[in-house]
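Input: a single structure, listed below in C-alpha cells.
The values are calculated or read from the model by the stated rules, or taken from the named source; none is laboratory data. Owing to the predicted nature of the structure, the values given are computational and were not obtained by experimental measurement. Every residue, glycine as well, gets a Cβ built from its backbone with ideal geometry; the counts of neighbours run over all protein chains shown. Each accessible area value is taken on the protein alone, full model and side chains, heavy atoms only, with ligands, DNA and RNA left out. Shrake-Rupley method; radii C 1.70, N 1.55, O 1.52, S 1.80 Å.
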Amino acid sequence: MSNPIKTANSLELRNIHKSYDGLAVLRGVNLTAKPGAVTSIIGSSGSGKSTLLRCANLLETSQDGDIIFGGEALRWQGEGKNRYPADKAQVRALRQRIAMVFQQFNLWTHMTILDNVIEAPVTVLGKNRNDMREVGRELLAKVGIADKADAWPAMLSGGQQQRAAIARALAMNPEVIMFDEPTSALDPELEAEVVEVILQLAHEGRTMIMVTHDMQLVRDISDHVIFLHEGLVEEEGNAVEMFATPKSSRLSQFLRSAVTIDNNSVR
C-alpha cells in the first residue's frame, strides 16, 4: 500500500474522471480548496460542475483520480466503472466533515424545521438531542428564521427552506461546505435572502466550494474560480482578473452570455 498523500489543503481533487454510458463528463479535473477560502465552479450546463461536487463527497463514484481530505487520500478498490471506496470508515469520516447544500433543499417533510436541522448530528454523530435543540435554534437564528423552528417545511417559502438547509449543514460543524446551485430554484427576491446568508458565511472564513449561475455572487465572495468546459478546467484564477481579462475565448463567450454580470452593479 502506498503512503498516504499529505496536504495542507482542506480538500484536493486530482485528475478526476467520470463517464456515463461512455460519455465523458469529467476528463481529468483538478481542484484545490484551501482552508478558509471560497472556491467557485462556473461553466455552461453540462460542463460537469455538479458532477464534480457529487464525486468530491462520494454521492457519485469517480472512475479515476485522487480525493484527498484531512491530509489522506481516499483508498479505492477496482478500476474504472468498477472502482469503489475501499475503506468504509474513510467514507463515513469524509461525509461527516463535508456538508452539502442542494438546489432543491431536500428537507424531510415529516419533520419540523428544527428537527431537520438536528437529526444528522444526533443520529450520525451521537450528539445529545436536547443539547442539539439549543444549537439548532441558534443556527436558525443565524440564518434569519428563528421563528420557523417548529414549522413544517411545506409552511416555508423556498428561500426559507434553503436557509433551513444551510442551518442543517452547519449543524454538522463541517470542515467544508459545498453548495450546488443553491439559488437557482428561487425567484430573485427569495434568492437575495439566501445570498445574504452565503455572504455571511464567506465573511466568517468558512471553507466553501460553490457551483452557481450567479456571477455577481461569484465575484463578491470567491477567492478562486474554476471555469469548466466540456469536462476540463478551461481556466482558473482570481475572480476579478478572470472576469476582467479572460484568457480563453470560451470563457469570454461564457461571461458575455451570463446575464447576471454587470460590472457597474452592486448587490
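This structure gives semi-axes √(5λ) of the Cα gyration tensor in Å, computed directly, and of (i) 31, 21, 17; (ii) 34, 23, 18; (iii) 29, 26, 16 that value is listed as (iii). Shown is the FRET efficiency for Glu134 and His110, computed with R0 = 30 Å from the Cβ-Cβ distance and rounded to the nearest 0.05: 0.85. Between Tyr20 and Ser248, the FRET efficiency from the beta-carbon distance, with R0 = 35 Å, is close to 0.85. Mean silhouette area of the range 1-90, derived from the convex hull of its C-alpha atoms and averaged over all directions, reads 6.2 nm². Could you calculate the FRET efficiency of Asp223 with Glu196 from 1/(1 + (r/R0)^6), where r is the beta carbon distance between them and R0 is 22 Å, rounded to 0.05? Result of the calculation: an efficiency of 0.70. Just to be sure I understand: with springs between alpha-carbon atoms less than 10 Å apart, which residue in Asp66, Asp220, Asp147 has the highest mean-square fluctuation in the Gaussian network model of the chain? So, out of Asp66, Asp220, Asp147, the one fluctuating most is Asp147.
The order of His110, His224 by accessible area, most exposed first and with a 1.4 Å probe, is His110, His224.
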